[in-house]
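Let me begin by presenting the structure, written as structure tokens, before commenting on it.
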Amino acid sequence: MACSSLYRSAPMGPANQPDYVNAVMAVETALAPLALLDALQALETAFGRVRHGERWGPRTLDLDILLYGSEILATDRLTVPHPGLAEREFVLYPLQEIAPDLNIPGLGPLADLVRRCPRRGLSVIEEA
């Protein structure tokens with residue numbers, strides 16, 4: 001339905017890895033939240049992602065479910081809205097690009113979250 005520009009950010013966790021390339025996409029799906037998570041993790045695996053080693057270490061692809069409509073979910077496998085959404089500039093700024101008037105369930109207006117989150121070196125590397 002919509003895709004943000006590509007953004008470059010410093011890596012989370014260990015600094016001895018390449019910068020991250022980030023984007024946000026809005027999709028329409030008939031999949032339930034956990035089925036969507038399974039599908040995204042299968043895509044990560046198909047692109048060479050191996051889940052082992054240190055947290056936030058280098059990886060080929062990392063697909064997250066940030067929101068699922070207006071739902072608030074908390075299971076052992078999935079929390080929505082994504083738990084780090086409100087503090088991560090590499091999520092908030094691309095999300096604002098595609099949905100500036102969004103109200104985040106349980107967190108409030110996206111514009112308020114963006115105002116409280118500095119860019120910390122986040123830069124656009126390719127316009128949508």
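Pick from Leu92, Leu63: which is assigned to a loop (DSSP other than H, G, I, E, B) and within 26 Å of Asp19 (Cβ to Cβ)?
None of the others qualify; the one that does is Leu63.
Okay, residues lined up against (1) surrounded by fewer than 13 Cβ atoms within 10 Å (Cβ to Cβ); (2) of a type in the set (Phe, Trp, Tyr); (3) touching a His at 6+ places or on another chain (Cβ under 9 Å); (4) modelled with pLDDT under 95:
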residue: Ala35; (1), (2), (3), (4): yes, no, no, no
residue: Pro58; (1), (2), (3), (4): no, no, no, yes
residue: Leu66; (1), (2), (3), (4): no, no, yes, no
residue: Thr75; (1), (2), (3), (4): yes, no, no, no
residue: Leu107; (1), (2), (3), (4): no, no, no, no
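Taking the conditions exactly as written (surrounded by 12 or more Cβ atoms within 10 Å (Cβ to Cβ), of a type in the set (Lys, Arg) and within 16 Å of Pro94 (Cα to Cα)), does Arg8 satisfy them or not?
So Arg8 passes the test.
How about segment 84-105: which of its residues are modelled with pLDDT under 95 and of a type in the set (S, T, N, Q)?
none
Of these, Val24, Val80, which one is touching a Cys at 6+ places or on another chain (Cβ under 9 Å) and modelled with pLDDT of 95 or more?
When all the criteria are applied, what remains is Val24.
When both residues are 6+ apart or on different chains and their Cβ atoms are under 7 Å apart, which pairs have a first residue that lies in segment 31-42 and is without any contact (Cβ under 8 Å) to a residue 60 or more places away in the chain, and a second that is of a type outside the set (D, E, K, R) and part of a helix (DSSP H, G or I)?
What qualifies is Leu31/Ala39.
Which one of the conditions (1) over 27 Å from Arg120 (Cβ atoms); (2) in contact (Cβ under 8 Å) with a residue 60 or more places away in the chain does Val91 fail to meet, given that it meets all the rest?
Val91 satisfies every listed condition except (1).
Go through segment 66-89 and give me each residue that's in a helix (DSSP H, G or I) and of a type in the set (A, V, I, L, M, F, W, C).
Hits for segment 66-89 are Leu85, Ala86.
Do we find a residue being at pLDDT 95 or above and surrounded by 15 or more Cβ atoms within 10 Å (Cβ to Cβ) anywhere in segment 44-55?
Among the residues of segment 44-55, not one is at pLDDT 95 or above and surrounded by 15 or more Cβ atoms within 10 Å (Cβ to Cβ), which makes the answer no.
The values are calculated or read from the model by the stated rules, or taken from the named source; none is laboratory data. In this text, all values refer to a predicted model and were calculated from it rather than measured experimentally. Heads up, the Cβs are rebuilt from the backbone with ideal geometry, glycines too, and the neighbour counts pull from every protein chain shown.
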